[in-house]
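Encoded as structure tokens, here's the structure I'll be asking about.
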Amino acid sequence: MRDEWVTILDNRKINQAYWKLSFKSSFLSRSVLPGQFVNVLLEDDSDPFLRRPFSYYRTKNQTIEILYEVLGRGTRLLTLKKKGDRLKVLGPLGKAFTQSAKGKKQILVAGGVGVPPLVFLAEYQRVSHLLIGCGSKGEVLPKSELKNVKAQVGYATEDGSYGKAGFVTLLLHEVIQREKNPKNLFIQTCGPHAMMEAVIKMARKFGIEGEASIDERMACGVGACLGCMVKTHDGYKTSCVEGPVFAFCELED
Ligand SMILES: Cc1cc2nc3c(=O)[nH]c(=O)nc-3n(C[C@H](O)[C@H](O)[C@H](O)COP(=O)(O)OP(=O)(O)OC[C@H]3O[C@@H](n4cnc5c(N)ncnc54)[C@H](O)[C@@H]3O)c2cc1C
Ligand code: FES
């Protein structure tokens, strides 16, 4: 792990939901795995004081891409950054998604801020399905962003303007119903808490193993402030160091 000043190469809006930012760093891009993240200091005068965590979206030739949604002050400030501006970036942080799903079919279920790490995972290794939930068609990723994903991609939109109408769990349910033995599936999920709760509930009902990236609000990102605790069967754990990826079986109902 290292805290580095990096220079922004590009920062642009790609659709109604997401902006994409890129920068170069040989250290921060080395041996990175999907599910890991960086903690970004937005201004060097420390306002806002707390860093903002973002998953790795893609790394190629030492260039790192971050895909982000604009939710509050920090991410709004990030949209103002231009090519040549500098950011202080701490990383790589956190535990990645499991690389071996014990030969099971990997089904990725993503929504909102959980889309970037799961697109990265679907590019990194061959998975069976990438299921993405969002509000409407304007939030669907441009095709160019998914060109290296070999999986079957399914979209669900809440207003029915693209793909399946409704929540992404409808798509997950269809995939499970089509599988002779659902226990041959392995689900990996990241997104809004309500979405992940529904996914985990469905997985438990069908006896399916999996893991979830619990993106708790974070401050230090290195296990020091205890601000990101997740309740597990083994007591409270830090999401930033012991997670953010946890097995479903570790998490409390
Ligand atoms: C490990 C990790 C990886 C993340 N990866 C990404 C990513 O790749 N892309 C991305 O866009 N965002 C990601 N996030 C979420 C991102 O850190 C927050 O959206 C960001 O910190 C919000 O900062 P803000 O100042 O804009 O909003 P704030 O003013 O701090 O908050 C505004 C609103 O944003 C929402 N929010 C804040 N933090 C989170 C969070 N952690 N999860 C969900 N909602 C939140 C809350 O509803 C809050 O009311 C990640 C978070 C974690 C912990
Ligand atoms: S963010 Fe400080 S302990 Fe996790």
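None of the figures in this text is laboratory data; all of them are computed from the coordinates on show. Treat the numbers as computed from the prediction; the structure is a model and nothing was measured. Neighbour counts run over all protein chains shown; Cβ positions are idealised from the backbone, glycine included.
Going by alpha carbons, how many degrees (0 to 90, nearest 10) lie between the helix axis of 115-124 and the longest principal axis of the chain?
The angle comes out at about 80 degrees.
Only counting other Cβ atoms within 10 Å, I'd like Ile176, Ile208 sorted with the fewest neighbours first.
With the fewest neighbours first, Ile176, Ile208 line up as Ile176, Ile208.
Separation between the Thr7 and Phe49 pseudo-spin-labels, each 7 Å from Cα along Cα→Cβ, expressed in nm?
According to this spin-label approximation, the distance is 3.2 nm.
Okay, next question. Can you sort Leu28, Leu41 so the residue with the fewest Cβ neighbours within 10 Å comes first?
Leu41, Leu28
For segment 1-106, which chymotrypsin sites (Phe, Trp or Tyr not before Pro) are both in a DSSP coil and crowded by at most 15 other Cβ atoms within 10 Å?
Here the chymotrypsin sites (Phe, Trp or Tyr not before Pro) that fit, given the DSSP loop and packing criteria, are Phe27, Phe49.
Let me ask something else about it. Under the 0.36 nm per residue contour assumption, what length would be gained going from the current alpha-carbon distance of Asn181 and Met229 to full extension?
Between Asn181 and Met229, full extension yields 13.8 nm more.
So what's the net charge close to Ser26: Lys and Arg +1, Asp and Glu -1, counting the other residues with Cβ under 14 Å from its Cβ?
Its environment carries a net charge of +3.
I'd like the trypsin sites (Lys or Arg not before Pro) in segment 60-100 restricted to DSSP loop residues with at most 13 other Cβ atoms within 10 Å, sorted by number.
When the trypsin sites (Lys or Arg not before Pro) of segment 60-100 are filtered for loop state and at most 13 Cβ neighbours within 10 Å, Lys82, Lys83 remain.
Moving on to the next point. Tell me what the chain gives for mean residue ellipticity at 222 nm when only DSSP H runs of n ≥ 4 count, each as -39,500 (n - 2.57), the sum divided by the residue total, rounded to 500 deg cm²/dmol.
About -5000 deg cm²/dmol.
What number, in percent, do you get for the relative contact order of the chain if the mean sequence gap of Cα pairs under 8 Å and at least 6 apart is divided by its residue count?
18 percent
May I ask you to compute the full-extension gain from Asn61 to Cys249, defined as 0.36 nm times their residue separation minus their alpha-carbon distance, rounded to one decimal in nm?
Working: separation 188, 0.36 × 188 = 67.68 nm, distance 3.65 nm.
Value of the extension gain: 64.0 nm.
Only loop residues by DSSP count here, and only those with at most 16 other Cβ atoms within 10 Å; note down the trypsin sites (Lys or Arg not before Pro) in segment 139-211 that meet that. Please report the intermediate quantities before stating the final value.
On the way: sites: Lys143, Lys147, Lys150, Lys164, Arg178, Lys180, Lys183, Lys201, Arg204, Lys205; in loops: Lys147, Lys150, Lys180.
Within segment 139-211, the qualifying trypsin sites (Lys or Arg not before Pro) (loop, at most 16 other Cβ atoms within 10 Å) are Lys147, Lys150, Lys180.
Quick check: residue separation of Lys82 and Gln125 times 0.36 nm, minus the Cα distance between them. What number comes out in nm?
Here the segment from Lys82 to Gln125 would lengthen by 12.3 nm.
Can you tell me what percent of all Cα-Cα pairs in segment 2-93 are more than 23 Å apart?
Values: 566 of 4186 pairs.
Tail fraction, whole percent: 14.
Rounding to the nearest 10 and keeping the result within 0 to 90°, find how far the Cα-based axis of helix 168-178 lies from the longest principal axis of the chain.
That works out to roughly 40 degrees.
Say R0 is 51 Å: what FRET efficiency, to the nearest 0.05, do Ala194 and Phe27 get from their beta-carbon distance?
The formula returns an efficiency of 0.90 here.
As a quick test, which of the pairs Lys143/Lys205; Lys104/Lys205; Lys102/Lys205; Lys13/Lys231; Lys24/Lys143 have an alpha carbon distance above 27 angstrom in this structure?
Working: Lys143/Lys205 34 Å; Lys104/Lys205 18 Å; Lys102/Lys205 20 Å; Lys13/Lys231 36 Å; Lys24/Lys143 24 Å.
From the list (Lys143/Lys205; Lys104/Lys205; Lys102/Lys205; Lys13/Lys231; Lys24/Lys143), the Cα-Cα distance tops 27 Å for Lys143/Lys205; Lys13/Lys231.
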